[in-house]
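Taking it in order: structure first as structure tokens, then the write-up.
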Amino acid sequence: MLAKTHDEFHRQSLRYHWPEKFKRRRIFDRPAENQPYIEFLRTPRFDGEEDEVDASSDEDDDNVSSELEDEVKGNRGKNESMDGNRNGDKDAAGCNGQSIVRLFMAGMTGDEENLQYPDQVEQVASFYEQGNFGKWDAKTSQHKKTVALLDDRNICGTIHVNQGSFQCTGHCRPHLGPLTSEGLYKELEKKCWHIKNCDLTNASSFVAGLDPLTIEVLTRTASRSQAPALRDLLYKHLTSKTSIGVTIPPQGFLVFTLDFHIPYYALRVSKELLKDTRQRPDGKPLRGSRKLPSSSRPLNASTSTDGAYCLYEAEVSVAVTGIDHWVWTAYGFVDTYFEPKENVDSYHHQLGGSAGPGRADPLAAGRLDADKPIWTPREYFFKVLEIRMNQVLREWNGIFLWAEKEVKQSRTHHLFPLPSSDHKIGQVRELCVWNSQMVNILRDLIDRLSDTVGAWDEFWRNEIGFFQDDDEPSTSSQWLKSSIAAVSKAVSTLNALLPKLKDLEKKLCKDSPQGLNAHLIIENHAAAMFQQRTGRHIQVLTVVTI
């Protein structure tokens with residue numbers, strides 16, 4: 001499935017390759033990048049046409065920083081004056097009757113028609129609007145839950161190759177730890193191009209349990225270059241889409257987006273079923289959860305003191321978007337309603353994983369040291385994908401072991417003879433209900449796992465060429481090759497689980513005597529018993545009548 005011949009890969013690389021202009025520092029409108037996209041949309045002078053830097057102006061330019069620094073300083077007073085007067089009410093309903101998130105998702109006139117999914121605006125806007133209460137200042141001041149971690153740093157010139165203890169940490173904004181929605185907003189609204197010696201930057205925003213208020217924070221602060229990636233990221237995460245891909249627009253000022261969205265199931269032992277308190281527009285939980293049936297315990301039995309197996313829907317979404325290898329931003333969303341370990345407070349107190357004693361990188365599940373960053377976007381993206389895919393693989397392995405054990409146990413200990421009493425009928429009926437539930441669960445598992453494997457296959461066929469360059473530095477290229485091989489191996493293992501899950505389903509449906517045909521046994525036996533009782537009643541009635 002994942003193997004490719006050299007000729008196939010060569011033909012593919014000719015179709016998809018990483019543009020050279022991303023490998024050198026590019027000229028861009030820095031004051032415009034300081035202006036949030038939502039402000040750009042709401043500016044009265046906006047005429048429906050987005051200003052663009054001519055793509056032909058992209059060139060290798062070591063003096064870009066000093067030339068544009070004067071431009072930034074010259075515009076600083078104007079921008080800060082605008083900040084003092086803009087959107088005084090900051091009410092989400094103040095955008096010509098539209099919520100701020102709906103306006104952001106729709107974008108410029110005509111943008112909505114070019115979106116990949118027709119419900120993209122409605123799904124995100126409706127999720128936000130049904131949980132949006134009160135004015136902006138009141139909402140942020142009352143929302144005290146920590147929801148995010150932010151890392152924002154610059155490399156001040158040359159990209160440093162990862163060299164162990166000699167690796168450059170760059171210059172980082174003071175780390176404030178776990179942030180509330182209000183704290184995240186205050187940090188993200190800062191003008192990164194006004195920070196001294198911060199003309200080249202990359203940043204990461206990790207959000208645990210994406211909620212309506214955090215969505216508003218992100219849409220209020222995203223720049224014009226970040227907006228397309230964030231729109232897509234929000235939609236795919238909220239709707240549990242599965243995808244791995246690269247997006248580079250065919251025209252205009254080029255911006256790259258590398259993203260992956262992996263929905264999965266997590267198996268946990270809980271004394272009570274945990275439910276996602278976030279709701280979809282239809283009132284149902286954003287992520288589903290269910291208590292799993294057990295072949296060794298009656299379905300109506302109360303949960304034991306040790307708890308019961310529960311299955312939780314989850315998704316991890318990451319997007320890396322930028323204009324070159326120096327200027328890029330990473331967003332990461334994870335679901336935490338069922339997992340107390342993966343939250344911003346835990347990552348804040350965790351050391352830098354196996355990479356060192358620094359701060360843990362939450363996008364990489366704490367396995368990377370944020371103080372020893374991977375500076376180049378493709379290497380960082382694939383390393384995070386590698387870590388998260390292995391995390392997903394671990395979850396799927398646990399689920400398969402549980403399902404295999406349950407099916408074996410049911411076939412070993414529940415071989416009932418033809419029912420001869422009401423008690424036996426109850427036992428068989430209970431097993432049939434368990435069987436039916438297990439079949440439905442296995443089908444859901446197979447569908448979701450197939451989507452993940454299929455997303456990687458599609459990516460491998462079409463877009464892997466964006467990550468393969470013969471002219472890359474040896475260290476950088478080796479990092480990519482190592483991560484690509486690791487992800488391929490993880491997906492191959494996931495793919496190997498598919499026939500095993502299908503085999504379990506087949507056994508329950510066809511091979512087991514207590515499979516779906518048991519329903520017929522119960523019904524036929526119940527009908528026979530009813531006929532016998534009815535016959536006896538008729539005999540008694542006949543005797544009495546005579």
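The values are calculated or read from the model by the stated rules, or taken from the named source; none is laboratory data. Computed from a predicted model, the values in this text were never measured in an experiment. FYI the Cβ positions are ideal-geometry reconstructions off the backbone, even for glycines, and counts take in every protein chain you see. What goes into the accessible areas is simple: the full protein's heavy atoms, side chains included, and nothing from ligands, DNA or RNA. Shrake-Rupley method; radii C 1.70, N 1.55, O 1.52, S 1.80 Å.
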### Query
When you look at residue 257, is it among the β-branched types (Val, Ile, Thr) and open to solvent by 30 Å² or more (accessible area, probe 1.4 Å), yes or no?
no
### Task
Tell me which residues, restricted to region 370-388, are modelled with pLDDT under 90 and not hydrophobic (A, V, I, L, M, F, W, C).
371, 372, 373
#### Entry: Among residues of region 219-250, those that are farther than 18 Å from residue 115 by Cβ and in a helix (DSSP H, G or I), counted
2
### Summary
Subset of region 115-134, residues loosely packed, with under 14 Cβ neighbours inside 10 Å and at pLDDT below 80, comes to 133, 134
### Query
In region 429-468, what residues are under 27 Å from the mean Cα position of the chain (by Cα) and over 24 Å from residue 265 (Cα atoms)?
461, 462, 463, 464, 465, 466, 467, 468
### Task
Determine, yes or no, whether residue 308 is at pLDDT below 95, among the aliphatic types (A, V, I, L, M) and out of contact with any helix residue (DSSP H, G or I) (no Cβ under 8 Å at 6 or more places or on another chain).
yes
### Boolean, residue 393 is within 30 Å of residue 257 (Cα to Cα) and modelled with pLDDT of 95 or more
yes
